[in-house]
Structure formats: C-alpha cells, structure tokens
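J.: What follows is a structure written as structure tokens; I'll ask about it next.
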Amino acid sequence: MSGPLRAFVDRFSSLRVAIVGDYIADEFIHGDTSRISREAPVLVLDFSSREIVPGGGGNAAMNTGSLGACPSAIGALGNDPNGGELNRVLKEGGVDTEHLYVEAARFTPTKMRVMAGGRNTSRQQVIRVDHEHQLPMCPELEGRILKALEALPGEGMDALIVSDYGLGVVTDAVREVACYLAGKMIVTADSRQICNAFKGITAITPNEEEVQALLGYLPEGDRLGEAGVALLERTGARAVLITRGSKGMSVFENGQPQRDISVFGSEEATDVTGAGDTVIAAFTLSLAAGASVTEAAEIASRAAGLVVMKRGTAVVYGKELVDTLKGG
C-alpha cells in the first residue's frame with residue numbers, strides 16, 4: 001500500500017489548512033545537574049538554555065507546515081513575552097499568524113518543563129509547571145475568531161483542524177461554526193474534554209483516556225468496538241480515530257468494520273509529547289489529499305511513529321514521511 005499512500009503525501013504541498021484552538025507555549029528550561037542543595041534534598045541545576053516551542057494548536061500547525069502544507073493559525077495569545085516568542089517561532093515555521101489575536105487581558109498558556117542532565121547523560125524532564133488558567137474570551141475577541149472561521153471557504157481553505165485543550169478559545173460558538181464548515185471542507189477535532197460536542201464533522205481523534213472520560217470505560221478488548229460505535233452515534237461524525245499508544249490506532253466508520261492499525265516503528269517511544277498533534281495534522285492532510293479514512297490513519301500512524309522517537313515537542317517532515325513509503 002505504500003505506493004498509493006505516497007501519492008497522497010505528495011499532494012500535501014498543494015493544501016491550505018487552518019488550525020483553530022489553544023496555542024500553547026511549551027517552555028523548556030535546560031540545565032546541568034551540579035550538586036544537592038543545602039536548603040533541601042533537591043538537585044541544583046546550572047542553567048544552560050531556555051527555548052519556547054509551539055504546543056497545542058501551535059504544534060498541530062507546525063506539523064502541518066513541516067509536512068508540506070500551508071497552515072494558518074486562528075486563536076488568541078496574551079500580550080506577554082511568551083506570546084511574542086510563540087508568535088515569532090510560528091512565523092519562522094511558515095505559519096500564517098494573521099488571525100492569532102493578542103488580547104491584553106489574557107496570558108499565553110504555558111507549560112514549563114525543566115530538563116536536567118549531566119555531561120555524559122541525556123536530559124530528562126524532572127518537573128512540569130503549567131500556567132493555564134484563563135478568563136472567558138471577551139465577546140470582541142470571540143467575534144474576530146468567528147469572523148476568521150466564517151471566511152475560510154471563500155479563501156480556498158481545504159481543511160480545518162480544531163485543537164481544543166480546554167483553555168477557552170474553542171467556545172460553543174466556535175464549535176457551532178466548525179460543525180457548519182464540515183459541509184464545505186474537511187473538519188477534524190482533537191478535544192481533550194468534549195469531543196462529542198462536535199456534531200457531524202469529518203472526524204474526531206480522541207485517545208483512550210479521553211474516550212474513558214466521555215463513556216465511563218476504557219476502550220479495550222471487547223469494549224473498544226463498543227466505544228467506537230458509541231462515539232459515531234453521539235457525534236454523527238464520518239469517522240472516529242482512537243489513538244491507543246503502543247497498541248496503535250483503531251478506525252471506525254458507519255457501515256464499515258473496525259480497522260486496527262499497528263504502531264509504526266518501535267513500540268518503545270522516546271517521548272510522546274505532542275504526538276496527538278502530529279497525528280491530527282497528518283490525518284487531516286491525508287483526508288484533504290483524497291485518502292480514505294483507513295489510508296489517512298495509516299499515514300498518521302507512520303507520522304506518529306516518527307515523532308515519538310524525537311525528544312520534546314517535535315515535528316515530522318515530509319521527507320521523513322516519504323522515506324517510510326519508499327519501495328512500495
């Protein structure tokens with residue numbers, strides 16, 4: 001199947017995709033372990049470097065661009081240093097940030113990870129500090145986001161990704177417009193809490209824990225198929241893609257049998273940070289390129305297999321993905 005799959009990947013460069021949702025600053029503080037503190041039984045790190053990497057919707061947008069398409073960001077940032085740095089990195093990654101609005105009353109959601117290591121050892125995450133509490137979106141900001149969404153069909157957009165981390169950008173009104181747009185383009189949603197609130201869209205991509213939170217049971221064994229059918233019924237989506245970590249992915253469509261896709265590459269992941277963002281980017285692009293749901297899931301599985309072997313919030317490049325499809 002690798003030959004046909006490559007044809008879809010080759011079409012990514014002709015696609016335009018909008019990503020609406022929560023844009024998060026993934027902040028990494030790197031340091032070298034030096035000693036135990038005299039004040040408490042904790043490690044002391046000698047500061048080495050700091051970097052901001054796009055997370056959440058930003059990671060989905062960066063993956064969309066690194067895979068070859070033209071991504072456009074729709075969302076909100078705070079008027080703060082992390083927001084400014086996040087905007088800069090997104091622009092450098094080829095993301096159109098015209099509709100990534102700055103609001104003075106907000107702050108940019110930030111996940112700070114402290115990475116510690118020694119001279120001859122790889123750095124490991126020792127603690128994560130999240131700054132995510134948000135005020136409700138003001139009517140003016142919500143109106144600007146809705147206006148940007150409503151203009152997408154006229155701008156020739158091929159697909160819309162909704163990246164809902166529950167941080168306030170994806171309001172009921174935003175969900176309503178996203179569902180309306182599903183009649184005009186590919187619309188997919190990755191929602192941490194309420195993916196069943198998206199009615200009639202192309203596909204949702206929950207992980208096992210998110211399915212459990214919605215349905216009250218873990219989707220495994222005989223209950224995996226039950227979960228897929230329940231989500232199809234609740235959402236009216238064309239497809240449900242459940243990501244299952246080292247167990248791969250499972251795809252559900254009305255009138256079609258369950259299809260299980262094995263994990264690509266090693267089952268021992270180096271770092272799963274942001275893997276779901278890579279999955280929805282590759283999956284959405286593949287659907288927009290004309291792939292079937294199963295073909296799109298196979299491509300997304302390969303992209304996920306590549307990204308989990310990288311440390312931190314990472315992206316997959318189109319050439320890397322193509323290399324997995326050669327020889328078929």
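J.: Name the single residue, out of those in region 209-268 being of a type in the set (Ser, Thr, Tyr) and over 26 Å from Tyr180 (Cβ atoms), that is surrounded by the most Cβ atoms within 10 Å (Cβ to Cβ).
T.: Thr243
J.: Against the condition of a type in the set (Val, Ile, Thr), crowded, with 22+ Cβ neighbours inside 10 Å and at pLDDT below 90, how does Val279 come out, does it pass? Steps first, answer last, please.
T.: Working: of a type in the set (Val, Ile, Thr): yes; crowded, with 22+ Cβ neighbours inside 10 Å: yes; at pLDDT below 90: no.
For Val279, the condition - of a type in the set (Val, Ile, Thr), crowded, with 22+ Cβ neighbours inside 10 Å and at pLDDT below 90 - is not met.
J.: Sticking with this structure for a sec: Considering only region 170-190, state which residues are in contact with a helix residue (DSSP H, G or I) (Cβ under 7 Å, 6 or more places away or on another chain), buried (at least 19 other Cβ atoms within 10 Å of the Cβ) and within 22 Å of Pro109 (Cα to Cα).
T.: Matches in region 170-190: Val174, Arg175, Ala189, Asp190.
J.: Which residues, counting only those in region 128-143, are surrounded by 11 or more Cβ atoms within 10 Å (Cβ to Cβ) and not basic (Lys, Arg)?
T.: In the first step, residues of region 128-143 are kept if they are surrounded by 11 or more Cβ atoms within 10 Å (Cβ to Cβ); the result is 128-132, 134, 137-138, 141-143.
Result: Val129, Asp130, His131, Glu132, Gln134, Met137, Cys138, Leu141, Glu142, Gly143.
J.: List the number of the failed condition for Leu224; all other conditions in (1) among the hydrophobic types (A, V, I, L, M, F, W, C); (2) within 19 Å of Ile161 (Cβ to Cβ); (3) in contact with an Asp or Glu (Cβ under 9 Å, 6 or more places away or on another chain) hold.
T.: With (1) among the hydrophobic types (A, V, I, L, M, F, W, C); (2) within 19 Å of Ile161 (Cβ to Cβ); (3) in contact with an Asp or Glu (Cβ under 9 Å, 6 or more places away or on another chain) applied to Leu224, the lone miss is (2).
J.: Okay, next question. Report the residue count in region 184-199 for those that are at pLDDT 95 or above and not in a strand (DSSP E or B).
T.: Residues meeting the conditions: 2.
J.: So is Val114 touching a strand residue (DSSP E or B) at 6+ places or on another chain (Cβ under 9 Å), among the aliphatic types (A, V, I, L, M) and exposed (fewer than 14 other Cβ atoms within 10 Å of the Cβ) or not?
T.: No; evaluated as a whole, the condition is false for this residue.
J.: Among the numbered conditions (1) closer than 20 Å to Leu135 by Cα; (2) in contact with a Lys or Arg (Cβ under 9 Å, 6 or more places away or on another chain); (3) surrounded by 22 or more Cβ atoms within 10 Å (Cβ to Cβ), tell me where Pro109 comes up short.
T.: Only one criterion is unmet by Pro109, namely (2).
J.: Then there's this: List the strands (runs of 3 or more DSSP E) inside region 32-106, counting only whole elements, that have at least 3 residues being over 26 Å from Leu285 (Cα atoms).
T.: 43-56
J.: Is region 34-41 home to any residue that is crowded, with 17+ Cβ neighbours inside 10 Å, farther than 30 Å from Ser14 by Cβ, of a type in the set (Lys, Arg) and at pLDDT below 90?
T.: Looking for residues that are crowded, with 17+ Cβ neighbours inside 10 Å, farther than 30 Å from Ser14 by Cβ, of a type in the set (Lys, Arg) and at pLDDT below 90, one finds none in region 34-41, hence no.
J.: Further question on the same structure: Can you tell me how many residues in region 303-317 are hydroxyl-bearing (Ser, Thr, Tyr) and under 16 Å from Gly57 (Cα atoms)?
T.: Counting residues in region 303-317 that are hydroxyl-bearing (Ser, Thr, Tyr) and under 16 Å from Gly57 (Cα atoms) gives 1.
J.: Let me ask something else. Checking the structure you have, find out if any residue of region 253-269 is assigned to a helix (DSSP H, G or I), hydroxyl-bearing (Ser, Thr, Tyr) and modelled with pLDDT under 95. Step through it out loud before you land on a result.
T.: Narrowing region 253-269 to residues assigned to a helix (DSSP H, G or I): none.
The answer is no, given that none of the residues of region 253-269 is assigned to a helix (DSSP H, G or I), hydroxyl-bearing (Ser, Thr, Tyr) and modelled with pLDDT under 95.
The values are calculated or read from the model by the stated rules, or taken from the named source; none is laboratory data. Keep in mind that this is a model prediction, so the values were computed, not measured. Ideal geometry is used to build each Cβ from the backbone, glycine not excepted, and the neighbour counts take in all protein chains shown.
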